[in-house]
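The values are calculated or read from the model by the stated rules, or taken from the named source; none is laboratory data. Computed from a prediction, not measured in an experiment: that's the story for all the values here. Every residue, glycine among them, receives a Cβ derived from its backbone with ideal geometry; neighbour counts consider all protein chains shown.
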Amino acid sequence: MPGARNSAASIENMDMKLEVMILPVTDVDRAKEFYGRLGWRLDQTPPGIVQLTPHGSGCSVQFGPDLNPAAPGSAMNYLVVSDLEAARSALVGAGVDVGEIVHMTPQGPVSGPDPEGRSYFSRATFKDPDGNTWLVQEITTRLPGRVEAEETSFASASDLASALRRAEAAHGEHEKRTGTTDPDWPGWYAQYMVSEQAGTELPQ
């Protein structure tokens, strides 16, 4: 049916942004204190619902009495950071019991960050007081197609600063290879940062 085909085509281009994840908790006040300790912003919500948003995140978490029928502690979610070692240190400094950093190999997780610094490979986990698990994953370069190049954005000043530092280091290697000083380094930085986030080929 033509109408069905049109609907299918239009929904592929319809923006649907993940807004909230609902966590199953037993003690709302205890959960609120824990996530507040992580520096997550407390948002205004209807009575009986607590909503907090991680710094730099477009998605929030909510919890409240009878808000989620799942068993407390059964949730597992991902957090993405651009510098896992710095993030882990900050979490530990906030009194969170964070597991060691590991990186993934074909044989399973191995202690320590990924030696090659590859995105998606290094991770660490922590739990909230109810046992809900958070896996913190280091991502600096997205897989191809994961982010549209024309929609490049940075969620926070710290993410932008990290991207600039990586671009600066890569540009230094670029100038070593060419043996010349690049006067258009801002344009090179911009192309590198867009390509890194979109998962496309990086400038050399």
key: Lone unmet requirement of (1) touching a residue at least 12 places away in the same chain (Cβ under 8 Å); (2) closer than 21 Å to residue 162 by Cβ; (3) not in a loop (DSSP other than H, G, I, E, B) for residue 86   = (1)
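Listed here are the residues, each with its yes/no results for (1) touching a residue at least 40 places away in the same chain (Cβ under 8 Å); (2) surrounded by fewer than 17 Cβ atoms within 10 Å (Cβ to Cβ); (3) part of a loop (DSSP other than H, G, I, E, B); (4) in the same structural domain as residue 169 (by TED's automatic domain parsing).
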residue: 73; (1), (2), (3), (4): yes, no, yes, no
residue: 91; (1), (2), (3), (4): yes, no, no, no
residue: 104; (1), (2), (3), (4): no, yes, no, no
residue: 143; (1), (2), (3), (4): yes, yes, yes, no
ask   = Out of all the residues in segment 12-49, which are aromatic (Phe, Trp, Tyr) and within 15 Å of residue 77 (Cα to Cα)?
value = 35
task = Just give me the residues in segment 79-133 being hydrophobic (A, V, I, L, M, F, W, C) and more than 30 Å from residue 26 (Cβ to Cβ), in sequence order.
result = 86, 104, 110, 121
query = Just wondering, is there one or more residues in segment 38-56 that are at pLDDT below 85 and outside the structural domain of residue 154 (by TED's automatic domain parsing)?
reply = yes
remark   = Those residues of segment 74-91 which are among the hydrophobic types (A, V, I, L, M, F, W, C) and touching a Pro at 6+ places or on another chain (Cβ under 8 Å) amount to 75, 79, 84
